Amino acid sequence: MSNKNALITGITGQDGAYLSQLLLSKGYGVYGVLARRSSDTLWRLRELGIADQVTLLDGDLTDLSSMIRALQTSKADEVYNLGAQSFVGSSWQQPLLTAQVDGVGALNVLEAVRIVNPQARFYQASTSEMFGLIQAEMQDEKTPFYPRSPYGVAKLMAHWATVNYRESFNLHASSGILFNHESPLRGIEFVTRKVTDAVARIKLGQQKELRLGNIDSKRDWGFAGDYVEAMWLMTQQDSGDDYVVATGQTTTVRDMCAIAFGHVGLNMDDHLIIDEKFFRPAEVDVLLGNPAKAKAKLGWAPKTSLQELITMMVDADLRRLQAR
Ligand code: NDP
Ligand code: GDR
């Protein structure tokens, strides 16, 4: 068992919850930055039964002083920067906030590490959205970036800041370029969870239709529980590096949707409506990651198929709705 401490920004998010669970199982003292909100944000940690096993520290990524204090209080050996305005769709409405939180926020955490404990190992939650407009059939660590949203642009700044701090100050800093990963703890605004929640409601007679935007886009979807293991493996290496984490399979939103409806014996065409409202000003048409480096260097491989993932999510949504 480890006697290390970890600090997680974004601990109340999907990945923060699964990463906390993983680190607790390894014996870490887990600290998380809790951004002030008017409503409760601990539901994911509660659902995993770990809300009282982590130490929450008030702070915000845009507030450098709170990041410095979080580093000091937690005495973190490993810092995972998962906090972000992570919804691509909202980033066109809130480009400056997204830049402040996702771009400058990462720089604040890097500065806090540099000031308080440059020996701490740093993980940055980078994203396949940095690839954006397709430059290669399969994207890997050498594929050029071409972000297509204010979110992608902000995350690119954070990625390069991570690389730059590694090269400038010799920090143990890694950038995990993670492709889409989902789970029953996924936010309801993201397409997989929007679909699985709607399918469960339609099955239970609580809803009739599901309105989506571009169902022709393709994503490389994996399970969040598998992906947080890759984050931890990166901080265990001798030095920081950049890694693509993906399944190597891509599927259209349409086919993902068909899996969800099919799982409960419903016909998607009876319920699905295409709504212009959900189209984006610029789209990332296809994402398909090549996780060969993560496999070779980290010994990481995805364990959950898209079929298993979507059926797990539909079943969880059915259970939640029936328990109400
Ligand atoms: P979520 O949206 O579920 O979680 C985001 C977290 O960031 C929440 O805990 C949120 O707090 C916190 N947060 C937002 N703004 C601030 C702020 N100003 N200060 C401090 N904390 C803040 O995201 P995921 O868990 O899905 O993703 C984790 C990270 O990985 C994100 O950075 C995301 O951009 C990135 N990523 C995600 C992928 C995915 O497919 N899930 C793929 C690639 C990258 P609160 O709960 O209070 O809102
Ligand atoms: P994405 O995820 O933008 O890839 O970012 P999202 O699930 O929002 O969209 C995936 C694709 O589905 C299309 N789509 C819709 N999307 C949503 N949300 N709602 C709809 O109604 C809808 N209809 C069609 C989208 O246009 C898109 O093509 C996620 C986030 O977790 C990011 O933080 C992360 O960095 C990337 O994954 C990798």
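Just so you know, all these numbers are worked out from the coordinates, no wet-lab data involved. Since the structure is predicted, the reported quantities are computational estimates derived from the model, not experimental observations. Reconstructed Cβ throughout: ideal geometry from the backbone, glycine too, with neighbour counts over all protein chains shown.
In summary, helices (runs of 4 or more DSSP H) completely within segment 79-174 and bearing 1 or more residues that are of a type in the set (Phe, Trp, Tyr) occur at 150-169. For segment 188-217, residues that are within 8 Å of ligand 2 (Cβ to nearest atom) and either free of Cβ contacts under 8 Å to residues at least 40 places away in the same chain or not in a helix (DSSP H, G or I) (or both) total 9.
Look at (1) under 27 Å from MET138 (Cβ atoms); (2) touching a helix residue (DSSP H, G or I) at 6+ places or on another chain (Cβ under 8 Å); (3) in a loop (DSSP other than H, G, I, E, B) and you find that MET234 fails only one, number (3). Determine, yes or no, whether LEU97 is more than 21 Å from the chain's Cα centre (by Cα) and either within 17 Å of THR162 (Cα to Cα) or within 9 Å of ligand 1 (Cβ to nearest atom) (or both). When the stated conditions are applied, LEU97 does not pass them.
If you go through segment 85-121 and keep only what is within 13 Å of ligand 2 (Cβ to nearest atom) and either at positive phi or among the acidic types (Asp, Glu) (or both), you end up with just ASP102.
Per-residue answers, yes or no, for (1) among the hydroxyl-bearing types (Ser, Thr, Tyr); (2) more than 12 Å from ligand 1 (Cβ to nearest atom); (3) closer than 27 Å to PRO281 by Cβ; (4) within 16 Å of the chain's Cα centre (by Cα):
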site: ALA125; (1), (2), (3), (4): no, no, yes, yes
site: PRO150; (1), (2), (3), (4): no, yes, yes, no
site: TYR165; (1), (2), (3), (4): yes, yes, no, no
site: PHE169; (1), (2), (3), (4): no, yes, no, no
site: VAL199; (1), (2), (3), (4): no, yes, no, no
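Looking across segment 289-304, the residues that are touching a strand residue (DSSP E or B) at 6+ places or on another chain (Cβ under 9 Å), in a loop (DSSP other than H, G, I, E, B) and not hydrophobic (A, V, I, L, M, F, W, C) come down to ASN290, PRO291, PRO302, LYS303, THR304. Inclusion of THR12 among residues that are part of a loop (DSSP other than H, G, I, E, B), of a type in the set (Val, Ile, Thr) and within 16 Å of ligand 2 (Cβ to nearest atom) is warranted.
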